[in-house]
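Engineer: If you scroll down you'll find the structure; I have some questions about it.
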Amino acid sequence: TSLFSGLKQLQKLVLINCKAKDWSAMLKWDRNQLTHLDLFGSNIDLSHETMFNDLKCLKYLDLSGNKMPAILNQNLFRELTQLETLIMCSEFNSSSTSLHDKSFIYLSNLRELRLKHFHTEENCSNLFSHMTRIQKLAISMSFFSRESLKSVSNLRELSLTQFRMASLDKSLFDQHPNLESLDLTSLKDLNNDHVAKDAFANLKSLNSLH
């Protein structure tokens, strides 16, 4: 029986740096109405793909600072079709965790995604293609396919940090005419000589640039 099984109206649960023997049991109770779940730094092993199966109402999920598997299994999010915000960031380097084209295949309702310390498989160009409603995307990792950004045309906010980029031209933003905020902080290997003069020419709605 879950510690929270008697809380039938519970919608927001924040368990930061909380340790539990069996997280699958902890998050399982009848008539679960959770919409907001923050599990930052709770030492959860995310290789258990059925862990969130009873959280069908969830809209916000923060899994930062937990144990990531070698390959992120898309079935971890199978039942989270209502999810709007997903955060998976860490202060330690989890770059051994690989993302692939189907990692987020069930998250078609997602509006915001934040990723830090992952890497993508080679030729992974459809990582975000299932996110037809995504508006905020923040990526902090050393490598991912630039082609994957072409599938998200509704972006309002884009942050690319710690990414190795040899050059920057307007083709990167061709599919993002509605972009309002752009953060290119700490891009590796990029200097002014590698930025095309018309790199931002298509960003007519941009009001914030870092």
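Engineer: Tally up the carbon and sulfur contribution to the accessible surface of the chain as a whole percent, 1.4 Å probe, everything protein left in place.
Structural biologist: Numbers: 4740 of 10590 Å².
Carbon with sulfur: 45 percent of the solvent-accessible area.
Engineer: Take the Cβ-Cβ distance between H194 and N73 as r, set R0 to 35 Å, and report the resulting FRET efficiency rounded to the nearest 0.05.
Structural biologist: Details: r = 37 Å, r/R0 = 1.05.
So the FRET efficiency works out to roughly 0.40.
Engineer: Here's a follow-up. Aspartates and glutamates near K67 by alpha-carbon distance under 12 Å, same-chain residues fewer than 8 away left out - which ones?
Structural biologist: D45
Engineer: What's the local net charge at S5, with K and R +1, D and E -1, over the other residues with C-beta under 13 Å away?
Structural biologist: On the way: positive: K8, K28, R31; negative: D30, D54.
Within the 13 Å Cβ shell, the charges total +1.
Engineer: Continuing with this model, one more query. Less than 11 Å Cβ to Cβ from S205, Lys/Arg counted +1 and Asp/Glu -1: what total charge do the surrounding residues give?
Structural biologist: Values: positive: R156, K204; negative: E180.
That sum, taken over residues with Cβ under 11 Å, equals +1.
Engineer: Another one. Using R₀ = 35 Å, calculate the FRET efficiency as 1/(1 + (r/R₀)^6) where r is the Cβ-Cβ separation of K204 and N43; round to 0.05. Could you put the intermediate results ahead of the total?
Structural biologist: On the way: r = 46 Å, r/R0 = 1.31.
Once the sixth-power term is evaluated, E becomes 0.15.
Engineer: Kindly report the accessible area of the chain per residue (heavy atoms of protein chains, probe 1.4 Å, no ligands, DNA or RNA), in Å².
Structural biologist: Details: 10590 Å² over 210 residues.
Here the per-residue accessible area is 50 Å².
Engineer: How large, in Å, is the chain by the Kirkwood hydrodynamic radius built from its alpha-carbon pairs? All intermediate terms of the calculation are to be shown ahead of the outcome.
Structural biologist: On the way: mean 1/r = 0.0553 Å⁻¹.
Taking the inverse mean of 1/r over all distinct Cα pairs, the chain comes out at 18.1 Å.
The values are calculated or read from the model by the stated rules, or taken from the named source; none is laboratory data. This structure is a prediction, so every number in the text was calculated from the model and none was measured. Ideal geometry is used to build each Cβ from the backbone, glycine not excepted, and the neighbour counts take in all protein chains shown. Heavy atoms of the whole protein, side chains included, go into the accessibility calculation; ligands, DNA and RNA do not. Shrake-Rupley method; radii C 1.70, N 1.55, O 1.52, S 1.80 Å.
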